[in-house]
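Below is one structure, written out as structure tokens; comments come after it.
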Amino acid sequence: MGTHEYEEDPRNETVLISVNGELFPRSEAMVSVFDAGFLLGDGVWESFRLHESKLVFIEDHMDRLFRGAAKLSLDPGRSRGEIRDEIDRVITANQMHDQVHLRLIISRGIKPTPYQAPWVISSPPTIVIIPEYKKANPRRSIEGIRLVSVEVRRSGPEVQDPKINSLSKHNCIAACIEAAEKGGEEGLMLDPHGFVSTCNSTHFFMVKGGVVWTSTGEFCLEGITRGKVLEICDRNDIPFSERNFTIEDVSSAEEAFVTGTFAGLTPVVSFDGRPIGEGKRGPICELLQNLYQELVRG
């Protein structure tokens, strides 16, 4: 599972899940087969972490959620404050405090018939909040992952806006399948112009000449963790660059890592079957991991 590898927790069998403001045991939580999210992938989602009773970077996540919904002309039907209150209610009902991962999904709602037009709808939006006890495998933050290049590319907004956390995930799923077939745990995706963009479920960084490189961000999700890493570099005088670069640049990198909400920073130890740098976590990755954890705790 790569960066999303986690430790099984039996408490998840009895968690309460919110469906449109009503709490259900996990085994009873469900949505209609006519829901636009199920039929069409028509909706947005967000995930965030509960760390020591604190929702980490929650305002950034809520900003991204509402930006994505607005771009899809999707009115959640609840205010930002109401959604925050429901998140807090779910956490309290489950008596959760730490090492918790939450997934918030908003679909356009129930449709009277399977049909893509967004105005053909017969209910308010569907809002689901799934909380889980989910602790990342700590070995991954040291031992890292294998990264491979894939043929599936990130599109521009004229195809599907890559900055939106949309329920329509086929592009990334196709890249994930290709990466697994090639023996990788993440797939490195190019943008429409052939430059490195992002991975299928994380954001990519590498180090060359002591400088942290990442893509321009034009063709990838507006990553919260990605943004925090760039802020950390800026505050700590760690040289960084958002730029266009190629697969060949990655092959000669000194070290590399990926970022995401669930696991934070995860080192990349090989690319297309060859070691990155010394084939282990590099010093800049380790430094940024520590600085990121300080930010989370703060």
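Every number here is computed from the coordinates shown, using simple stated rules; none is lab data. Everything numeric here is computed off the predicted structure, so don't read it as measured data. All Cβ positions, even for glycine, are placed from backbone atoms using ideal geometry, and neighbour counts span all protein chains on display.
Tabulated data
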read-out: Filtered GluC sites (Glu not before Pro), the stretch 1-77: DSSP coil and at most 14 other beta carbons within 10 Å; value: Glu8, Glu52
read-out: Straight-distance crosslink candidates among lysines, where the alpha carbon sits under 30 Å from Lys208 and sequence neighbours closer than 8 are dropped; value: Lys163, Lys182, Lys228, Lys280
read-out: Contact order relative to length of the stretch 2-135, as percent, for alpha carbon pairs under 8 angstrom and 6 or more apart; value: 35
read-out: Over the stretch 140-297, relative contact order from alpha-carbon pairs under 8 Å, at least 6 apart, %; value: 27
read-out: Crossing angle, helix 80-93 versus the chain [Cα axis fit, 0-90 degrees, rounded to tens]; value: 90
read-out: For the stretch 2-135, alpha-carbon Rg and Dmax in angstrom; value: 15.1, 44
read-out: Lysines whose Cα lies under 19 Å from that of Lys135, excluding same-chain neighbours fewer than 8 positions away; value: Lys54
read-out: Rg(Cα) / (2.2 N^0.38 Å) computed for the chain, rounded to two decimals; value: 1.01
read-out: Relative exposure of Phe24, Phe38, Phe205, Phe257, judged by other C-beta atoms within 10 Å (fewest first); value: Phe24, Phe38, Phe205, Phe257
read-out: Whole-number percent relative contact order across the chain, with pairs defined as alpha carbons under 8 Å at least 6 apart; value: 19
read-out: Crossing angle, helix 224-235 versus the chain [Cα axis fit, 0-90 degrees, rounded to tens]; value: 40
read-out: The stretch 195-297 pair-distance distribution - Cα-Cα, 5 Å bins, rounded %; value: 2, 13, 27, 27, 21, 8, 1, 0
read-out: Cα-based helix-to-principal-axis angle, 283-297 vs the chain, degrees rounded to 10; value: 30
read-out: Ranked Ser53, Ser47, Ser215, Ser141, criterion: other C-beta atoms within 10 Å, fewest first; value: Ser53, Ser47, Ser141, Ser215
read-out: Student exercise, the chain dipole from Lys, Arg, Asp, Glu Cβ charges, in Debye to nearest 20; value: 240
